[in-house]
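Asks: I'd like to ask you about the structure that follows.
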Amino acid sequence: MLEAFFVSFGVIFVAELGDKSQLMALTFATRYRPLSILIGITIATAVVHAFSVAAGVLIGRHVSTSALTLLSGIAFLGFAAWTWRGDSLSDDETAKAQRNDRPAIVAACVAFLLAELGDKTMLATITLATREGAFGTWLGSTAGMVAADAIAIGVGAVLGSRLPERAIRIGASIAFLGFGVALIADALL
């Protein structure tokens, strides 16, 4: 369980750097109390990642280990390309993140539930759950995402919108590339 936790924490933490939902966390933090945003993000992340882990466990039961390792490596190369390309918030997403007509916890929770559906962190969690323990993957992926978003909340609360987005995106892309190459090498050897 500990290995699954630490692997999932690290992978999802890196996946979240520069992600659209991290940008949403930063935007929310410029308008609402940081703790309220963190609570909403934690609830949404726990729910989405529980479904992701369940999907990963089901997939893992029906596909061979070497095929899963190879597919995981290819998926991580895709995550590297996705991260390299970058994410941005549309005007509509920015407006939703800044709306103050609902309690901040509910607004953050709903926004993050919707933003995470089909997002790379959800797909990475599914991929991890095919290889690692379910509970450790869920706990680690949830904690990794919340930790990365907590950084964005802190930065948003203190500095506003001045982030070195390009450097974060490049670093995360390189990390995903490394994970992908390592997994593919493991599957082929």
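Asks: If you count only protein heavy atoms and use a 1.4 Å probe, how large is the accessible surface of VAL57, to the nearest 10 Å²?
Replies: The value for VAL57 is about 30 Å².
Asks: Could the peptides 183-189, 19-25 be put in order, highest first, of the mean number of other beta-carbon atoms found within 10 Å of their residues?
Replies: 19-25, 183-189
Asks: If each residue of separation counts as 0.36 nm, what is the full-extension length gain between ALA182 and ALA157 once their alpha-carbon separation is subtracted?
Replies: Working: separation 25, 0.36 × 25 = 9.00 nm, distance 3.70 nm.
Extending this stretch completely gives an extra 5.3 nm.
Asks: Suppose the chain between TRP84 and ARG61 were pulled fully straight at 0.36 nm per residue; how much longer would it get relative to their current alpha carbon spacing?
Replies: Values: separation 23, 0.36 × 23 = 8.28 nm, distance 3.16 nm.
The TRP84-ARG61 span can extend by a further 5.1 nm.
Asks: Using heavy-atom solvent-accessible surface (probe 1.4 Å) with all chains present, what is the largest-first order of ARG166, ARG31, ARG131?
Replies: ARG166, ARG31, ARG131
Asks: I want the local charge near LEU123. Using Cβ-Cβ distances under 13 Å, sum +1 for each Lys or Arg and -1 for each Asp or Glu among the other residues.
Replies: It works out to a net charge of -3.
The values are calculated or read from the model by the stated rules, or taken from the named source; none is laboratory data. For clarity, every value in this text was computed on a predicted model and none was experimentally measured. Cβ: placed from backbone, ideal geometry, glycine included. Neighbour counts: every protein chain shown. For accessibility, only protein heavy atoms count, side chains too; no ligands or nucleic acids. Shrake-Rupley method; radii C 1.70, N 1.55, O 1.52, S 1.80 Å.
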